[in-house]
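Peer 1: One structure follows; several queries about it will come next.
The values are calculated or read from the model by the stated rules, or taken from the named source; none is laboratory data. As the structure is a prediction and not an experimental result, all values here were calculated from the model. Cβ: placed from backbone, ideal geometry, glycine included. Neighbour counts: every protein chain shown.
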Amino acid sequence: MHEHAATLLQDTVSDADADGVIVAMSGGVDSSTTAALAADALGTEHVFGLLMPTVENQSVNTLDAKQLASDLGIDHEMISLQPILGVFEQKLASEIAPGGDKYAVGNLAARLRMACAYFAANATSQLVVGTSNRSERLLGYFTKYGDGGADVLPLGDYYKTEVRTLATDLGVPSAIIEKPPTAGFWAGQTDEYDLGASYETLDRILETLVDEKHDVSATARILDIDPDRVQKYAWQVIQTAHKRSRPPTPTRYVPDSDPQPTFTTTRDEIAALADRLTTYIREYVRTTGAKGVVVNMSGGLDSSVATVLAVEALGSENVYGLHLPCHKGTDVGTVDPCSLVIDLGIDYTHVNIHPLVSEIEKQLPHHLTQTAGTRELGNLVARVRMACAYYAANTMSRLVLGTSNQTERWLGYFTKYGDGGVDLQPLGKLYKTEVWALARYLGLPEAVIDQPATAGFRAGQTDEDDLGAPYGTLDEVLACLVDGNLGMDRTASLLDLDIETVKQYAEWNIKTQHKRDVPPTPKSQATADQSTFFHEIELNFY
C-alpha cells in the first residue's frame, strides 16, 4: 500500500515535470497521511501544506495540522477562509441563490479551498494532491470539484481503516488517527454520524459489495447486517457515481471509411443535431431527478447555444442563468447576455464577483500572488464561477450545465475544475465549427455569433490568438488526429499543413489529457491503457 501510493506520487509528478505538490491539510487522518506520504515519497522540499480553516473547523484540528507540517519539515501557510466566506454571504449569496443551507455553504467552502490550492499550484508549477479515501469516494462523501478536485489521489484505493494503518506506519500521531473524522461543515459534525455507521462497518459492507461483487442479500447474510442498511449503501454507491466520473457528453458518429474530417453543418444535419441534443439534456436531467439546470452565461457563443438548447429541452422555468463578471479580464467586452435572457424568459442573475476574488487574493500568501500571472488569476476566476454555480445548483436541486465544445476539450483549452467543472456537457462532442452552425440554426443574434471567442484572461485576448490558428483549421486537425486517428504525417499531408503545426496540436492534445480524465489512483495507474492515439506514439520519435 505504502509503496504503491508513493510510486503513484513520484510518477505523476515526474510525468507532469512538476516541482512538487500542494496538500490541503485539515488536521484529519486523511490529509495528514497524505502529507506524510508525500514528504516520504518526494522529499520535504517538494511538499507544500495549505491550511484553510473556517470557524466551523475546531481549532484543535488546525493546530494538529500545523504541528504535523512542522514535524514533517514541510513549508506551510495558513489561508483564512472565513473572511472569504463572509464576503460571499454578505455580497453574493442572496443574489445568486437565496436560502442556501449549511450543506451548500460547506460545499462552497470545499470548492473555494480547491480554488486556492490550484492557485498556489499553478503559481509554483506544482500539482494538487487529493486526500480522499476509497470509503468516501464510493459513497460520494466528498464535494464534487471541491475536495474531490485534484491531480492525483494516492489514497483513492484504500478504505478508511487501511488509511489509519498507513498513517501509523508513516508516524502520524495517534491523536490525529483516533479523532472522529469530520468534513467540518458545522461544529460537532462527524462523518460517521452523517453516514449512519462506523467506518469499520462501512468498509466491510463496501468491500463485500464492490470488491467481492456480492449482491445486497448475500452481503447482508455474510456480514449479518440488516439488508435494508446494506441496500442504502448500495444505492448510495450507484447514485454518487457521477462524482467519480467525467461529465457525460452525447455520442458522436465518426465514419470509419472516410479519412476526410467530417462536420455536421448542413441545415438538415443541424436540425437533427439540435433535436438530439435537446433530447439528451431532457433525458439526463430526468434520470437524475434534478429540477433543472444552472448555466454560467458569459455572453459568448458556447454558453448562449447551451442555454437555448436547455430552454428547448426543459422549458424556461427550469433554466437559471448566472452572469458573473469579474472585470479582471475582458469579460466586459463580450456581448451582454441580458437580451438573450429576456428573449428566452429564464430566471437570471447578474452579480459581479470581483469582491469575492479580491478577498481571496487578499487572504492568499503574498509570495503566491506576487508570483502569479494573468493566467493563474484567470483560472482562479473560472473556479470561483464554478463554485458559485454549484452553490446555486445545490440550493435549487439542479445540475450545472457545461458549455465547452470539443475543440476546447481536445486542446485542454479550459480551466480544470473551472469551466470544466460541470455535471453534463451537451456541446462536448461538437467542434467549434458545428457550434457556429448550430447557433445560426437556433437563430442567435449575429452579435453573439460574430464576436471573437475569448476566455477573458486579459484585455484584447482571443482564443484564436492563444491557440495560434483559426478554429476552422483547428477543427480539421483535431478531427483527423483524434476522430480519424490518422497520425501527424497523414494529417499534415491531407490538410496541406506543415508537420510542425500539426505536431504542436498533437502535443497539446496529449499533454492536457489529465484535464479530461479523473485523477489517477494507485490501481488505475497500474492498469492504465497504453497509447490511445497514433499521434501519441509518433510523438516519441519527433
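Peer 1: With the requirement that a residue be of a type outside the set (Ser, Thr, Tyr), closer than 30 Å to VAL400 by Cβ and in contact (Cβ under 8 Å) with a residue 40 or more places away in the chain, what does segment 190-240 give you?
Peer 2: Matches in segment 190-240: ASP191, ASP194, LEU195, LEU202, LEU206, VAL210, GLN236, VAL237, GLN239.
Peer 1: Need at least 1 residues that are within 23 Å of the chain's Cα centre (by Cα) and of a type outside the set (Gly, Ala, Ser) per element, so show me which helices (runs of 4 or more DSSP H) inside segment 324-386 make the cut, counting only ones lying wholly within it.
Peer 2: 354-363, 366-371
This table checks each residue for (1) more than 30 Å from ASP347 (Cα to Cα); (2) among the charged types (D, E, K, R); (3) surrounded by fewer than 20 Cβ atoms within 10 Å (Cβ to Cβ); (4) not assigned by TED's automatic domain parsing to the domain that holds TRP186.
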{"site": "ALA6", "(1), (2), (3), (4)": "yes, no, yes, no"}
{"site": "SER14", "(1), (2), (3), (4)": "yes, no, yes, no"}
{"site": "VAL21", "(1), (2), (3), (4)": "yes, no, no, no"}
{"site": "ALA39", "(1), (2), (3), (4)": "yes, no, no, no"}
{"site": "ALA65", "(1), (2), (3), (4)": "yes, no, no, no"}
{"site": "ALA69", "(1), (2), (3), (4)": "yes, no, no, no"}
{"site": "LEU108", "(1), (2), (3), (4)": "no, no, no, no"}
{"site": "ARG113", "(1), (2), (3), (4)": "no, yes, no, no"}
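Peer 1: Could you go through segment 273-287 and let me know if any residue there is touching a Leu at 6+ places or on another chain (Cβ under 7 Å) and in a loop (DSSP other than H, G, I, E, B).
Peer 2: No, segment 273-287 contains no residue that is touching a Leu at 6+ places or on another chain (Cβ under 7 Å) and in a loop (DSSP other than H, G, I, E, B).
Peer 1: Would you mind telling me which numbered condition in (1) of a type outside the set (A, V, I, L, M, F, W, C); (2) free of Cβ contacts under 8 Å to residues at least 12 places away in the same chain; (3) surrounded by 21 or more Cβ atoms within 10 Å (Cβ to Cβ) SER26 fails?
Peer 2: Condition not satisfied by SER26: (2).
Peer 1: For PRO355, indicate whether it is under 17 Å from PHE88 (Cβ atoms) and surrounded by fewer than 22 Cβ atoms within 10 Å (Cβ to Cβ).
Peer 2: Criteria met by PRO355.
Peer 1: While we're looking at this one, here's another question. Would you point out the residue of segment 421-472, among those that are of a type in the set (A, V, I, L, M) and in a loop (DSSP other than H, G, I, E, B), that is surrounded by the fewest Cβ atoms within 10 Å (Cβ to Cβ)?
Peer 2: So, considering only residues that are of a type in the set (A, V, I, L, M) and in a loop (DSSP other than H, G, I, E, B), the one surrounded by the fewest Cβ atoms within 10 Å (Cβ to Cβ) is ALA459.
Peer 1: Somewhere in segment 156-169, is a residue in contact (Cβ under 8 Å) with a residue 24 or more places away in the chain, under 24 Å from VAL422 (Cα atoms), under 19 Å from the mean Cα position of the chain (by Cα) and assigned by TED's automatic domain parsing to the domain that holds SER70?
Peer 2: yes
Peer 1: Tell me, please, whether a residue that is in a loop (DSSP other than H, G, I, E, B) and β-branched (Val, Ile, Thr) can be found in segment 135-152.
Peer 2: Yes, that holds for at least one residue.
Peer 1: Still on this structure, please answer the following. Please verify whether ALA393 is closer than 24 Å to ALA469 by Cα, of a type in the set (Gly, Ala, Ser) and in a helix (DSSP H, G or I), treating the condition exactly as stated.
Peer 2: It is false that ALA393 is closer than 24 Å to ALA469 by Cα, of a type in the set (Gly, Ala, Ser) and in a helix (DSSP H, G or I).
Peer 1: When segment 16-59 is examined, which residues are found to be in a helix (DSSP H, G or I) and modelled with pLDDT under 95?
Peer 2: Within segment 16-59, SER59 is the sole residue that qualifies.
Peer 1: Then there is this: So if I check each of LYS515, LYS503, LYS523, which one is touching a Lys or Arg at 6+ places or on another chain (Cβ under 7 Å), part of a helix (DSSP H, G or I) and surrounded by fewer than 21 Cβ atoms within 10 Å (Cβ to Cβ)?
Peer 2: Only one candidate qualifies: LYS515.
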